[in-house]
Amino acid sequence: MNVGAELRASVLPTLAPGARVLVFGIGNPGRGDDALGCRVVEWLEAAGVPPGVTLDANYQLTPEDALTLADHDVVLFVDATVAPDAPVPYHVAPADTADEPTFSTHAMSIGSVLALARQLAGREPRAWTMAIPAYGFEINDDLTPQAAANLARACDEVRRWLSRR
């Protein structure tokens with residue numbers, strides 16, 4: 001997910017009581033800050049989540065994810081973004097639901113997986129993205145200090161959001 005340097009302060013949407021929520025982290029845990037989406041999911045797993053909240057993470061979205069998405073009312077996709085001058089620790093926006101044709105299913109866009117959920121299961125969840133600015137993508141397990149600070153603020157926001165449902 002690359003939303004560029006136009007990141008601004010943002011908030012997560014209001015959840016209906018009892019909404020089935022999926023938090024889906026995207027990223028490569030072996031590539032430094034690229035792991036931010038997966039790290040949010042790891043943090044939530046350790047902290048515990050309310051009933052009705054599912055956590056999942058992977059390097060990328062795949063066709064198999066479509067049925068998982070269709071089982072939920074709301075999905076929050078969390079991923080690192082290249083935004084070195086971002087003035088905020090994360091940015092939340094409605095997911096781009098455009099069904100983009102892809103050359104292969106090696107990597108699918110959010111819109112393509114949502115469209116597949118609609119085609120296979122007849123329903124599509126409301127979807128948002130949380131982009132967390134990232135700074136280093138070297139082969140290692142370490143986050144840069146800036147990304148670690150952004151991760152902490154993003155995790156706190158997701159925890160607060162989930163507790164309000």
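Structure values in brief
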read-out: Output for region 14-62, where each listed residue is of a type in the set (D, E, K, R) and either under 13 Å from the mean Cα position of the chain (by Cα) or closer than 18 Å to G136 by Cβ (or both); value: R31, D33, D34, R39, E42, D56
read-out: Candidate set from region 87-101 (those that are in a loop (DSSP other than H, G, I, E, B) and surrounded by fewer than 19 Cβ atoms within 10 Å (Cβ to Cβ)); member that is modelled with the lowest pLDDT; value: P101
read-out: Hits in region 114-147 - residues which are farther than 22 Å from L15 by Cβ and surrounded by 15 or more Cβ atoms within 10 Å (Cβ to Cβ); value: A115, L116, P133, A134, Y135, G136, F137, L143, T144, Q146, A147
read-out: Residue count, region 112-154 (criterion: touching a residue at least 60 places away in the same chain (Cβ under 8 Å), in a loop (DSSP other than H, G, I, E, B) and closer than 21 Å to L22 by Cβ); value: 1
read-out: Matching residues in region 35-86 - criterion: being surrounded by fewer than 18 Cβ atoms within 10 Å (Cβ to Cβ) and assigned to a strand (DSSP E or B); value: T54, L55, D56, N58, V82
read-out: All positions within region 3-22 that are modelled with pLDDT under 55 and in a strand (DSSP E or B); value: none
read-out: Breaking point among (1) touching a helix residue (DSSP H, G or I) at 6+ places or on another chain (Cβ under 7 Å); (2) closer than 23 Å to P29 by Cβ, for D96; value: (2)
read-out: Long-range neighbours under 7 Å by Cβ, at least six apart or interchain, first residue farther than 19 Å from A131 by Cα within region 28-55, second modelled with pLDDT of 95 or more and part of a helix (DSSP H, G or I); value: A47/R159; V49/L162; P50/L162; V53/L162
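The values are calculated or read from the model by the stated rules, or taken from the named source; none is laboratory data. Values in this document were obtained by computation on a predicted structure and should not be read as measured data. Neighbour counts are summed over all protein chains in view; Cβ atoms, including those assigned to glycine, are modelled from backbone coordinates with ideal geometry.
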